[in-house]
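Step one of this worksheet: look at the structure below.
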Amino acid sequence: MKNRIIYLALAAFPFVYACNSSVKKADVTKTDSVMNQTCYASSFEKDSAAMVVKTLASGKVTGSLLIKYGEKPQNNGQIDGKFNGDTLLVDYRFNTGGDTTRAFTNPLAFLKKDGKLIMGVAQIETTLGRSYFVKGKPINYEAGKFTFAEVPCK
């Protein structure tokens with residue numbers, strides 16, 4: 001009986017640790033205030049997109065991205081990342097259509113040029129359930145379909 005209690009206590013330790021570390025992350029997020037918020041919109045043929053980019057005091061970027069496809073269900077989700085020079089690299093966590101039970105995550109890259117954000121296209125690979133841009137393969141900003149122009153935030 002004592003052995004079972006010890007095993008249960010040892011098995012519960014990772015869960016207790018994980019819960020406490022998520023609380024610490026939430027506290028850090030609360031103190032990281034929004035320094036700037038910019039809204040963008042884009043369209044390409046029958047498709048359109050709207051993005052809100054919030055730059056935090058820490059230099060990180062967060063926000064939202066909604067992509068409405070003319071012939072397919074829309075993608076709606078959150079972006080998290082940072083600027084590296086004139087390139088915004090983010091992870092896009094999104095749901096497709098009305099399905100809120102499955103979330104997808106893809107890396108996205110945007111080139112900031114002349115006050116606009118140009119979405120790039122690159123080869124993506126998935127390792128251990130996480131998607132990344134393939135190292136050594138360039139991001140093509142001329143082949144992307146969305147060029148986001150700044151718009152007033154609603």
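The values are calculated or read from the model by the stated rules, or taken from the named source; none is laboratory data. The shown structure was predicted, so the numbers you read here are calculated from the model rather than taken from an experiment. Don't worry about glycine lacking a Cβ; one is built from the backbone with ideal geometry, like all the others, and counts go over all protein chains shown.
I'd like to know if the stretch 49-70 contains one or more residues that are assigned to a loop (DSSP other than H, G, I, E, B), assigned by TED's automatic domain parsing to the domain that holds Phe146 and in contact with a Gly (Cβ under 7 Å, 6 or more places away or on another chain).
Checked the stretch 49-70: no residue is assigned to a loop (DSSP other than H, G, I, E, B), assigned by TED's automatic domain parsing to the domain that holds Phe146 and in contact with a Gly (Cβ under 7 Å, 6 or more places away or on another chain).
Keeping to the stretch 31-48, report how many residues are without any contact (Cβ under 8 Å) to a residue 12 or more places away in the chain and assigned to a loop (DSSP other than H, G, I, E, B).
Within the stretch 31-48, residues that are without any contact (Cβ under 8 Å) to a residue 12 or more places away in the chain and assigned to a loop (DSSP other than H, G, I, E, B) number 0.
Run down Asn106, Asn95 and say which single residue is free of Cβ contacts under 8 Å to residues at least 24 places away in the same chain and either touching a strand residue (DSSP E or B) at 6+ places or on another chain (Cβ under 7 Å) or not assigned by TED's automatic domain parsing to the domain that holds Tyr141 (or both).
Values: Asn106 fails: free of Cβ contacts under 8 Å to residues at least 24 places away in the same chain.
Exactly one of Asn106, Asn95 is free of Cβ contacts under 8 Å to residues at least 24 places away in the same chain and either touching a strand residue (DSSP E or B) at 6+ places or on another chain (Cβ under 7 Å) or not assigned by TED's automatic domain parsing to the domain that holds Tyr141 (or both), namely Asn95.
Quick one: how many residues across the stretch 117-140 are out of contact with any Pro (no Cβ under 9 Å at 6 or more places or on another chain), β-branched (Val, Ile, Thr) and part of a strand (DSSP E or B)?
Going through the stretch 117-140 one residue at a time, the tally reaches 4.
Checking the conditions here, which among Gly98, Gly144 is at pLDDT below 95, in a loop (DSSP other than H, G, I, E, B) and crowded, with 18+ Cβ neighbours inside 10 Å?
Being at pLDDT below 95, in a loop (DSSP other than H, G, I, E, B) and crowded, with 18+ Cβ neighbours inside 10 Å holds for just one of Gly98, Gly144, which is Gly144.
If Lys154 passes every condition in (1) within 21 Å of Asn76 (Cβ to Cβ); (2) charged (D, E, K, R); (3) at pLDDT 95 or above but one, which one does it miss?
It is condition (3) that Lys154 fails.
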